[in-house]
Amino acid sequence: MSPLNTHMIMMKHHEDSYMPHYVRRRATYVLALAGATLLTGCAELGVKPWERDLLAKPEMQLNSNPVEAALDDHIYFSKEASSGGRGFGGGGCGCN
Amino acid sequence: MTTLKRMIGTLVATAAIGFSPLAPAAQQAPDFTLEGRHGNVSLHDFQGKVVLIDFWASWCGPCRESFPWMNAMYDKYHAQGLEIVAINVDRERALAEQFLARLPASFTVAFDPTGQVPTLYNIMGMPSSFLIDAKGEVRASHIGFHSDRVAHYEASIRQLLNE
């Protein structure tokens with residue numbers, strides 16, 4: 001049978017597919033392989049405990065002024081009756 | 001026996017093997033050679049002595065408490081054969097020197113800016129300390145320094161010195 005015939009027969013399984021079945025299967029394999037490879041992409045992330053020197057510097061902290069951030073959060077909580085979204089040293093859940 | 005009983009039996013047996021009182025083989029402390037304040041520092045230099053290896057850094061808060069304690073231990077037990085090797089893991093040597101200027105150390109200090117020795121010892125947190133006996137085996141390891149546990153630390157040192 002000619003390739004065109006086999007293609008037309010296989011079209012029954014994928015009614016509106018423009019891709020021949022062998023191309024579709026190869027595409028699935030390639031996509032699965034790529035997906036599996038991508039999943040391992042972040043496996044080596046993470047700072048070792050002794051490599052935290054840069055992260056410990058004052059200029060690398062999330063809050064430049066933790067005391068001021070805590071006071072601002074208290075004012076915000078008092079006015080809005082809601083808080084959160086910022087991390088500050090001091091205080092915690094339930095503190096008013 | 002029902003399948004369920006057999007499954008539970010297997011599970012219990014496996015767990016029992018896992019928790020069996022087989023002591024883990026004592027680990028030999030990996031040897032290293034690092035640059036110190038006066039020449040090179042190697043672990044094999046201290047063979048036959050009780051060695052306290054402490055990994056510290058200028059940015060490590062508890063190290064500000066551990067240094068005075070280590071000075072005290074060194075003064076007290078050095079004559080009995082205690083050696084202390086404090087390995088600095090700062091990438092900037094100047095920061096380590098600043099720390100040492102504020103908190104002088106009477107014990108041996110070594111510098112490892114590339115982090116090879118912490119990897120060798122598989123450090124889980126900073127600071128980390130390892131107590132090594134006279135045979136070179138790691139007998140105790142601690143993550144962090146807690147001032148309320150200094151009595152326990154000192155007791156371990158004393159126990160190893162008396163062996």
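The values are calculated or read from the model by the stated rules, or taken from the named source; none is laboratory data. Keep in mind the model is a prediction, meaning the values are calculated, not measured. Glycine gets a Cβ as well: all are built from the backbone with ideal geometry, and neighbour counts include every protein chain shown.
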Inset, instruction - Examine the range B:17-28 for a residue that is loosely packed, with under 12 Cβ neighbours inside 10 Å, at pLDDT below 95 and in a helix (DSSP H, G or I), and state whether such a residue exists. - result: yes
Inset, instruction - Within the range B:136-154, identify whether any single residue is under 20 Å from residue B:48 (Cβ atoms), away from chain A (no Cβ under 14 Å), surrounded by fewer than 16 Cβ atoms within 10 Å (Cβ to Cβ) and not β-branched (Val, Ile, Thr), and answer yes or no. - result: yes
Inset, instruction - Filter the range B:55-70 for residues that are in contact (Cβ under 8 Å) with a residue 40 or more places away in the chain and either part of a loop (DSSP other than H, G, I, E, B) or within 13 Å of another protein chain (Cβ to nearest Cβ) (or both) and give the result. - result: B:55, B:56, B:57, B:58, B:60, B:62, B:63
Inset, instruction - Search the range B:37-54 for residues being closer than 11 Å to residue B:111 by Cα and part of a strand (DSSP E or B), and hand back the single one that is nearest to the other protein chains (Cβ to nearest Cβ). - result: B:41
Legend entry - Residue that is nearest to the other protein chains (Cβ to nearest Cβ), among those in the range B:71-95 that are closer than 18 Å to residue B:35 by Cα and under 19 Å from the mean Cα position of the chain (by Cα): B:89
Inset, instruction - Taking the residues in the range B:47-83 that are at pLDDT 95 or above and of a type in the set (Phe, Trp, Tyr) as candidates, determine which candidate is surrounded by the fewest Cβ atoms within 10 Å (Cβ to Cβ). - result: B:69
Legend entry - Checking residue B:119 against (1) over 22 Å from residue A:53 (Cα atoms); (2) in a helix (DSSP H, G or I); (3) of a type in the set (S, T, N, Q); (4) within 14 Å of chain A (Cβ to nearest Cβ), the condition it does not meet: (1)
